[in-house]
1. Once you average over the residues of B:59-68, how many Cβ atoms of partner chains fall within 10 Å of each Cβ?
2. Which value in nm describes the separation of the simple spin-label points at A:ARG177 and B:LYS65, placed 7 Å from the Cα toward the beta carbon?
3. Compute the helix-to-body angle for A:70-82: its Cα long axis versus the longest principal axis of chain A, expressed 0 to 90° and rounded to tens.
4. Calculate one ³J(HN,Hα) per residue across the range B:53-63 by plugging θ = phi - 60° into the Karplus curve 6.51 cos²θ - 1.76 cosθ + 1.60, and present them in order as whole Hz with x for glycine and proline.
5. Could you compute the FRET efficiency for A:ASP192 and A:ASP227, with r as their C-beta to C-beta distance and R0 at 25 Å, rounded to 0.05?
6. Output the 0 to 90 degree angle, nearest 10, between the alpha-carbon long axis of helix A:176-187 and the longest principal axis computed from the alpha carbons of chain A.
7. Give me the summed buried accessible area for the B-A pair, 1.4 Å probe, to the nearest 100 Å².
8. Gap in Å between the Cα centre of the range A:130-177 and the Cα centre of the range A:183-217?
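The values are calculated or read from the model by the stated rules, or taken from the named source; none is laboratory data. This one's a predicted model, so the numbers in the text were calculated from it and none came from an experiment. Note: ideal-geometry Cβ built from the backbone for every residue, glycine included; neighbour counts use all protein chains shown. We work out accessible area using only protein heavy atoms, side chains counted, and drop any ligands, DNA or RNA first. Shrake-Rupley method; radii C 1.70, N 1.55, O 1.52, S 1.80 Å.
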2 protein chains.
Amino acid sequence: MFEENLEAPENLNMHLNYYQKEDQVLLAVDCIIFGFDKENLKILLIKRNFEPEKGKWSLIGGFLKKNENLDEAAVRVLETLTGLNDIYLEQIHTYSKIDRDPGQRTISVAYFALIDVDSHHFDGIQIDAAHWFDIKEAPNLIFDHNEMVQKAKARLKRRALSKPIGFELLPEKFTMRQLQNLYESILDKKLDKRNFINKINSLDVLIKLDEKDMSVSRKGAYLYVFDKDKYEKKVEEDGFIFKI
Amino acid sequence: MFEENLEAPENLNMHLNYYQKEDQVLLAVDCIIFGFDKENLKILLIKRNFEPEKGKWSLIGGFLKKNENLDEAAVRVLETLTGLNDIYLEQIHTYSKIDRDPGQRTISVAYFALIDVDSHHFDGIQIDAAHWFDIKEAPNLIFDHNEMVQKAKARLKRRALSKPIGFELLPEKFTMRQLQNLYESILDKKLDKRNFINKINSLDVLIKLDEKDMSVSRKGAYLYVFDKDKYEKKVEEDGFIFKI
DNA sequence: CTTATAAGTGTTTTTTTTACATTTATAAAA
DNA sequence: TTTTATAAATGTAAAAAAAACACTTATAAG
């Protein structure tokens, strides 16, 4: 970048040094953690145990450290909280309103993360006050966190339609119904069962197993796994575009 | 956000104060400025006149100041350079690789901007070394600026297909051919003239004037204006989605 | 053996997208 | 004034994608 003060390009280095100290800021990351429990889309929130806004719900987050980049900071924050480290993470947006945090000037970079709630029976959400909320029933959040969640939901929707990202939220083996539930949760609308299955099958990235999930219906439902290799081969060879 | 060090939640305030000073960083904005001259998509770059990387091409940018948010910083940087202040701006991504700027640790928030090159005969690109490059012929850039431009191009493409953003790049009155040229530049592919016009007309957001542009052909081409009110009314009433 | 429940399965209609060729208005040249 | 050259303007048919739609089946529980 051309990281320079355009108003005073002369005497550059002196200016820069002065400038640096004056205008340094605290950079945070906040994570919008989406989960899915085979039925509904969830979001992981924690109850603040300190001021300001003590007792209110918020996203989890932390500060960027000197020896890491933002992606690494987001991974660290997530791992510290959930014990997990192979989670889908994507940067969303950077929030910088001057008084967004009344305590101090902080700029925050929002990330969204995807977790299968059930298969990651993580030994402890390590912060007691953490809780999974149904996305429809999430409480009001502090600061600009509601805005962050809104943007994350929009991004998730867009991603789910253009990348097989939904599979990050499912267990390894899943039924068509579960997949459809997931898409219905993400897109927030009902889908036609037959059209959905036809569409998914036409993408040709699932493997149907001989195994059935008998836990929901009398008849049982076949289990599927996502064929990541096939997907990636298609992307490589055909310029395959995942589009639901 | 929950801007806290998760590893040491006890003794919070003391910790925070220590932490703050230690981990403050410099935040910059860098602008990818796209322009259109009725023929081709352009990008505005400047030649650095200081070290490091003196003499090389880069995006324009500047540091975030204490009294502004990032959007404001981007507006300021752009206005300082071009004298313009009603420009379409959109945040793209935040770049934070530790040694992305070899001179110092700097995190940069990239923005993209859209300008009609001809109608904004701005009195001076105020930095002499600034230059419009055809998007296809842009030089190699410093640091991670090439990466930023790549992402901005992808975003522009996506936006152009889903919002009438292209009009920011055109003069108030334009011909169908110019509009098509713009879309062909952004999408980087040839479009069928009849299909393009049919599609545009079906959106019903342009007003055809009685005036012709005689500068290109013998026959002359009708001029159009974008009907912003109509567009916004449609969005409001019908949930109209702009989709080319 | 009856019943209740979710799983599984194809076809038709509608909408959207793509492919494609001729005529027209005008300025410039002859 | 006539001819010529050039880009503008215009519509339809075919193909592809999306949406609408209802009945049969497998099984556990009663």
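1. Numbers: counts 3, 4, 5, 8, 12, 5, 5, 6, 3, 2.
Mean shielding by partner chains, rounded to a whole number: 5.
2. Reported label-point gap for A:ARG177 and B:LYS65 is 6.2 nm.
3. 60
4. 6, 3, x, 8, 8, 8, 6, 8, x, x, 8
5. Numbers: r = 24 Å, r/R0 = 0.97.
The calculated FRET efficiency here is 0.55.
6. Result, in degrees: 30.
7. Values: alone 14640 and 14610 Å², together 24250 Å².
Result for this pair: about 5000 Å² buried.
8. 18
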